[in-house]
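The values are calculated or read from the model by the stated rules, or taken from the named source; none is laboratory data. Note that the structure is a prediction, hence the values are computed from the model and not measured. Heads up, the Cβs are rebuilt from the backbone with ideal geometry, glycines too, and the neighbour counts pull from every protein chain shown.
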Amino acid sequence: MEKIRSSKIKKEKFQRLVGAAFSLFPLFLAANIFFILLLKAFPLLTFKSLPSLIFSSAWQPVKGQFGLWPFILGTFWVTITAFALAVPVSILTSIYIAEYAPDQLKKILVPVIDLLAGLPSVIYGMWGVLLIVPLVGKYLAPLFDTYSSGYSILAAGIVLAVMILPTIINVSVEVLNSVPMALKEAALSLGATRFEVVRYVVLKKALPGIVAACVLGLSRAFGETIAVLMVVGNVPEIPRSLFSPAYPLPALLANNYGEMMSIPGYESALNLAAFLLLLIVLSFNLLARWYLTKLNRRTG
Amino acid sequence: MKDKITSNPGPGLQRRKRVEFVFRALMLTSSLVVSLSLILILVSIIWKSLPALKLSMITRTPGSGYYLGKEGGILNAIIGSLQLTLGATLIALLIALPAVIYLNTYLRSKSFLAEAIRFALDVLWGIPSIVYGAFGFLVMLFFHLRASLLAGMITVALVELPILSRVMDETIRLVPAELKETAFSLGANRWQTTTRVVLRQVFPGLVTAVLIALGRGLGDAASVLFTAGYTDRLTTSLLQPVATLPLAIFFQLNSPFPEVQQRAYASAAVLTLLILLISLITRSLSRKLSRHKIY
């Protein structure tokens, strides 16, 4: 009996140790990604200052000029366009799903959003090439009296907007559903219309969570690669309008990362680009998640 | 008083009703836009793929002159994608399962370590897959590997790991404390409680998590771009490069030949079909398996 118990305890100890090792892996991995990219970006920083790399717009790797500003601006513009398009649509849709939609309609809308979330980015990119690029080039650009090949910030923004819809909608619906029924009933009993309930009660309670949901969508948009790469044109210049092409950071990485060995400093520059991208995405992402957890703790 | 309510329910009721109507119309339009985008995506891909959708597409590897529009199919990419994703999901599961069990068995949910691990997983989830691709490439060089099935599998496993762990973690956390306490009271230790009671209870959730990760891995192109390589042949060893569907689509679409572009559409249809299949299985499975849940 004693022997059995001691072997059981030993086994338990062993399992505990193995589990601990595995569960520390995410911490180890996150730290590793961060430091390895920084380390690999470092050689360039020893002979060029960080501001001169970030704010210079001269990108000529062969001449040793690695100005990342066009790429940073490109990332910024594409993401902001997508964000501006996606936010109103997704907030309205999530309010509809959470507060208005009859059950039958919900049964259609929820799977639709799940499917949108599951589609691979290369499919979105192909859709962009097939429909959105011609739409922008042939119909939207002439409307504003400009010429555009269609491969533009606007096209990338539209495609990206559809891609981040599910993220924002899913989180927003969850937040909206957590608003207590009693609050809504109280407002209704005072004679408020349903819109007034949404406007003065539900949104008041849920707005911080919805903002966090949007920021989460934003952080996804920053890092999206293949779909954007396929429709954005990839010209390393400072973009002038929504109809001009751009070259976001992820596209820069995707196009050049594999074959960067021969030119001195190139490897470092690309790793710096990856590190900057990581930094931008993570700061938005963590801000949103931290805020959502805080909200969760207060309500539940 | 009563009279007043029925005849004059309040100031500006007409206006308030109009606002309600406009708001409702806006919401319906938005929902319609969302649904229409999905329909447009699916219809345009199916429509475009129809001319190239032949059986040889999915039963043959690219022949000579395939990229000039001659005979062949994308069997290499289909098989390659399945090999890569299944392998990657297996690796991710082998890391995630012990980690999640440990997290929920031995650590208190508010302890510093548990919070730190969950935070790290959130961080990892937020990292874009292109950064994983870059990281995977650096690791690959460090170990003197070339672009291969193994390197691709490891990179995709890293992409899937946070998704898998967090979804499983959330399911396991929902198990009621009474269930665990019952097991403890019968003399089971923590390990037994977790593996024989808790995991059995949340099994449908775990399967769902695996399928979600699988779908994500199958469609991810950015992480395999530098790590998995590409080949026209079937991959038979871990150290050979491997073709994947997303990259097959990407490369064929960039071709100047219309026949090859059409095949890109057909490949996209195949990939979409696979993804739809996985999500359908997920849905029906989680419904079927949760029938025997206790609570």
Open item on the list: Can you tell me which residue is modelled with the lowest pLDDT among those in region B:261-291 that are of a type in the set (S, T, N, Q) and surrounded by 14 or more Cβ atoms within 10 Å (Cβ to Cβ)?
Closed with: B:S286
Task: Scope region A:96-129; condition in a loop (DSSP other than H, G, I, E, B) and under 15 Å from A:V173 (Cβ atoms); matching residues - done: A:A101
- [ ] List every residue pair whose Cβ atoms sit under 8 Å apart, with the two residues 6 or more apart in sequence or on different chains, where the first one lies in region A:231-249 and is farther than 12 Å from A:W77 by Cβ and the second, anywhere, is among the aromatic types (F, W, Y) and surrounded by fewer than 21 Cβ atoms within 10 Å (Cβ to Cβ).
- [x] A:P236/A:W59
- [ ] Check region B:284-291 and report whether any residue there is among the aliphatic types (A, V, I, L, M) and either in contact (Cβ under 8 Å) with a residue 24 or more places away in the chain or outside the structural domain of B:K70 (by TED's automatic domain parsing) (or both).
- [x] yes
- [ ] Name, by its number, the condition in (1) under 27 Å from A:A30 (Cβ atoms); (2) in a helix (DSSP H, G or I) that does not hold for B:E178.
- [x] (1)
Open item on the list: Looking at region A:230-244, can you tell me whether even one residue there is crowded, with 19+ Cβ neighbours inside 10 Å, modelled with pLDDT of 90 or more and part of a helix (DSSP H, G or I)?
Closed with: yes
Task: Matching residues, region A:38-66, being in a loop (DSSP other than H, G, I, E, B), within 18 Å of A:L249 (Cα to Cα) and touching a Pro at 6+ places or on another chain (Cβ under 8 Å) - done: A:S57
Open item on the list: Need pairs with beta-carbon distance below 8 Å; first residue on the phi > 0 side of the Ramachandran plot and within region A:187-214, second outside any helix (DSSP H, G or I) and at pLDDT 90 or above; sequence gap 6+ or separate chains.
Closed with: none
Task: One residue from A:V110, A:V175, A:V162, A:V179 being facing another protein chain (nearest Cβ under 7 Å) and either without any contact (Cβ under 8 Å) to a residue 40 or more places away in the chain or buried (at least 23 other Cβ atoms within 10 Å of the Cβ) (or both) - done: A:V162
Open item on the list: If A:F55 meets every condition in (1) more than 14 Å from chain B (Cβ to nearest Cβ); (2) surrounded by 22 or more Cβ atoms within 10 Å (Cβ to Cβ); (3) among the hydrophobic types (A, V, I, L, M, F, W, C) apart from one, which number is that one?
Closed with: (2)
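Let's see how each residue does on (1) more than 22 Å from the chain's Cα centre (by Cα); (2) at the interface with chain B (Cβ under 9 Å from one of its Cβ atoms); (3) within 22 Å of A:F55 (Cα to Cα):
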residue	(1), (2), (3)
A:P245	no, no, yes
A:S268	yes, no, yes
A:L276	no, no, yes
A:V281	no, yes, yes
TODO: Please give the number of the condition A:S152 fails out of (1) at negative phi; (2) surrounded by fewer than 21 Cβ atoms within 10 Å (Cβ to Cβ).
DONE: (2)
- [ ] Could you please let me know if A:P250 is on the phi < 0 side of the Ramachandran plot and assigned to a helix (DSSP H, G or I)?
- [x] yes
TODO: Considering each of B:T227, B:T235, B:T194, B:T231 in turn, give the residue that is among the β-branched types (V, I, T), touching a Gly at 6+ places or on another chain (Cβ under 8 Å) and facing another protein chain (nearest Cβ under 10 Å).
DONE: B:T227
